[in-house]
1. Just to check your reading of the model, which residue among GLY103, GLY91, GLY84 is over 14 Å from MET73 (Cα atoms) and buried (at least 18 other Cβ atoms within 10 Å of the Cβ)?
2. Quick test of your reading of the structure: ASP61 fulfils all but one of (1) touching a strand residue (DSSP E or B) at 6+ places or on another chain (Cβ under 8 Å); (2) buried (at least 16 other Cβ atoms within 10 Å of the Cβ). Name the failing condition by number.
3. Out of everything in the range 18-43 that is of a type in the set (Phe, Trp, Tyr) and assigned to a strand (DSSP E or B), what residue ends up being surrounded by the most Cβ atoms within 10 Å (Cβ to Cβ)?
4. Within the bounds of the range 57-64, is there any residue that is of a type outside the set (D, E, K, R), farther than 19 Å from PHE5 by Cβ, part of a loop (DSSP other than H, G, I, E, B) and at pLDDT 90 or above?
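The values are calculated or read from the model by the stated rules, or taken from the named source; none is laboratory data. None of these values were measured; they are calculated from a predicted model. Glycine also receives a Cβ, built like all others from the backbone with ideal geometry; neighbour counts cover every protein chain displayed.
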Amino acid sequence: MKDYFQQLTKKKSYSLTIYPAEILERRTQEEIVRSDENKTYFIYAEVNFETLEKALPMEGDQNLFLDIFLQCMQSNIRGSDAVGMLPEDKGLVVLMPETQKDGWARLHKAFVQKLSDRKDICKVFSEYISPIVYPSCLKQ
């Protein structure tokens, strides 16, 4: 899945900026500070390639998942949102400032609509990609 993702980004199949892990980590730290100062929320979600490979053993399903996920990100991302890599390129991180679950729900709905005929892949999205809402996650 990692190789397929790298092929897609080299071809520039999607008009998304994908930040390296170090930059996204710094951006996440900045968002934590901003959220604390302004009493706002943000979404942090990881798409771990290894987890998805286990959940979707067929390579074609993995590629379809990634294609549709990136399409949904491209069409639903706001200017303040960020997409970046996990350390060692083990997956993607989606950072959505100043939103709670509604921002993630919009992305999830778009994914499910595009794959309405593949409930198995939609189920993987729902079960294996869980957004964390900061600072609500600290209150639990």
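1. On the way: GLY103 fails: over 14 Å from MET73 (Cα atoms); GLY84 fails: over 14 Å from MET73 (Cα atoms).
Within the list GLY103, GLY91, GLY84, the selection yields GLY91.
2. (1)
3. PHE42
4. No, the range 57-64 contains no residue that is of a type outside the set (D, E, K, R), farther than 19 Å from PHE5 by Cβ, part of a loop (DSSP other than H, G, I, E, B) and at pLDDT 90 or above.
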